[in-house]
Amino acid sequence: AALALLCSSAAAVVVWKWLGKRQIQKKMEEARRTRDEGLKKMAKIVQQFREQVPSVQRDAILSLPLLELTGKLREGSLSPKTVLYTYLEKALEVTQQTNCLRHFIPECEEQLQELQRQEDKGLLYGIPVSIKDHIGHKGHLLTCGLVQCLGTVAEEDSVLVKVFKKQGAIPFAMTNVPQSLFSYDCSNPIFGQTLNPLNHQKSPGGSSGGEGALIAGGGSILGLGSDIGGSIRLPSSFCGLCGLKPTAERLSVCHTRWLNVDTCSHPSPVPCALGPMARDVDSLALCMKALLCQEMFQLDPTVPPIPFDEDVYSSSAPLRVGYYDTDGYFPLPPCMRRALQETREALQAAGHQLVPFSPPRIHYVMTELFLKTFFADGGRAWLDVFRGDTVDPSLKPQVNNCKMPRLAKKLLALILKPLVSAWPQAQSRVVSARIVAMLSTCRSVKEMWNHHHEIQVYRTEFITQWRELQLDVVLCPVLGPAFNTGYPGKLLAAISSTMLYNVLNFPAGVVPVSTVTEADEEELKLYQGCCDDPWDRTLKQAVAGAVGLPVAVQCVALPWQEELCLRFMKEVETLSRKK
């Protein structure tokens, strides 16, 4: 009888698990079906427009920079309707190749009608804009690539979407993201893998990877992403775009979801920032100018009412530029260091003053400050979002690490610790990071407050060093070129170049300045990185086969100095284009 009871219980568990998986599968299939129906509707209205207006010069419209396009829309030589349907058509083509769209926003047609009734033409009048999956648009899902979020419909537009509409922009699509947003690849079990439009073997980066792919493929002229460890800057680097991560509080994050909560109600010592992505720096500046308006300050009083300072952006005064080509924690491929050296030389030749700068204690920042912020509870909050879900393969190593019982983590850490001193030039970097990742928890409220204090102490130390050198801005590397798909999940530590400025909460932007050459690819074969350890060898595999892909640099300013950061980015862009 006992055996029969045991067998029936085991059978019941198996059936229960099977039913749970089947339910998950049904939810995912329904979400994909809804997405596909939206894309079909999108294709249908584009086809109707093409039949009505067959003479549209599509390529001419798509080739216009944002500033020129806004000028033509405002003067009336192009209509918002023509521009919207032209970009809808192109976006369809790009997503068929890259799987970058998560959802078409059919209300864009209503917004188009509303626009024609508006007397006041905003700064983005008639401009189609794309937004990242987790930024609220009324009536649409905020999925974060998670099954449990498939019932989460935004009850109202996020503040920035409201401001976009007030300024005349037309949100037309929501773009794909990695599951839970905690990855710099762009894959989730619901909507699948997004590919890099420049090379389909490569990742577009993440977590704003859908935005990166859509804009780089020409299907959007301006996009809104988010960044908590490099999620605007990494896709910009991988896809050859310009992207800005502002100081986190400069733009409103209200009605934006992260880890299944509203970002407004989930403050963090390393905060999430929303920012623009586009094909050139002037587009970023125009977007910031449009968003930093009275409308946003009224909708979200927690945002400092600091309008865009055009004088700073348009200044031509020489800058005092700090620079470094490695942070000492994760050396980047030869092409990235070459790009930084060429940019430094070009800035010097243009009359700017270049000063060597060494960011302090990056190993400590990466392991003690950054990881402990996200895994302060041992990763329990993060694991909760996967409940009743299928874990994407790119996240399985991190998920499995978090699932390990705390006692097992402690025992394994004790076993691994002696290896750090035994292998100071090799595996020690990987081993020490694994130990910290296992033990990155705050076991009490007091420990959490101490952790917050340590971040503030580090920020003060960094700013003091910056001030002592009398720097205006800093030029530094960004991770790249684009990784082969599947590799970002193997190298979380590689984001040290971008993560630093999330911990510091400094504005930081990315500008493409070169492309990978055959010579770079040959030099990569000799690359040993920090100490030719597993991370270095994995990085070589990740970036191999990148000839012709974009190579970018990162530009940084002090908090609240987005205009100066953009001005520096514009200078770098201008010099790289002259070259």
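Close amide H pairs (under 5 Å, H built 1.01 Å from N) link Y323 with V355, F357, L475, residues at least 5 positions away or on another chain. For the stretch 307-410, the fraction of alpha-carbon pairs lying more than 16 Å apart is 74 percent, rounded to a whole number.
As a fraction of the 1.4 Å probe accessible area of the chain, surface on carbon and sulfur atoms comes out at 55 percent.
At q = 0.07, 0.17 Å⁻¹ the log10 of I(q)/I(0) for the stretch 26-308 amounts to -0.21, -1.45, computed by Debye summation with a single uniform scatterer per C-alpha, solvent ignored.
Bridge orientation summary for the stretch 26-308: considering DSSP beta bridges with both residues in this region, about 70 percent are antiparallel. Only beta bridges with both residues in the chain are counted; by DSSP, about 70 percent of them are antiparallel. Relative contact order, whole percent, for the chain stands at 16, derived from Cα pairs under 8 Å and 6 or more residues apart.
Distances between placed amide hydrogens fall under 5 Å for K132 paired with T175, L224, all partners being 5 or more residues away or on another chain. Distance between the pseudo-spin-label points of V153 and L354 (7 Å out from Cα toward the beta carbon): 5.6 nm.
Express in nm, to one decimal, how much length is gained between T464 and Q57 on full extension, taking 0.36 nm for each residue of separation and deducting their alpha carbon distance. Write down the numbers at each step before the final one.
On the way: separation 407, 0.36 × 407 = 146.52 nm, distance 5.41 nm.
Separation in residues times 0.36 nm, less the Cα-Cα distance, equals 141.1 nm.
Reported value for the chain: 166 Å³ per residue, from the convex hull of its C-alpha atoms.
For the stretch 69-215, the share of DSSP beta bridges that are antiparallel, to the nearest 5, is 60%. Give the calculated FRET efficiency between Q23 and R117 to the nearest 0.05, with a Förster radius of 56 Å applied to their Cβ-Cβ distance. E(calc), rounded to 0.05, equals 0.80.
The values are calculated or read from the model by the stated rules, or taken from the named source; none is laboratory data. Since the model is a prediction, treat every value here as computed from it, not as a measurement. We place every Cβ from the backbone using ideal geometry, glycine too, and count neighbours over all the protein chains shown. SASA here: full protein model, heavy atoms, side chains in, ligands and nucleic acids out. Shrake-Rupley method; radii C 1.70, N 1.55, O 1.52, S 1.80 Å.
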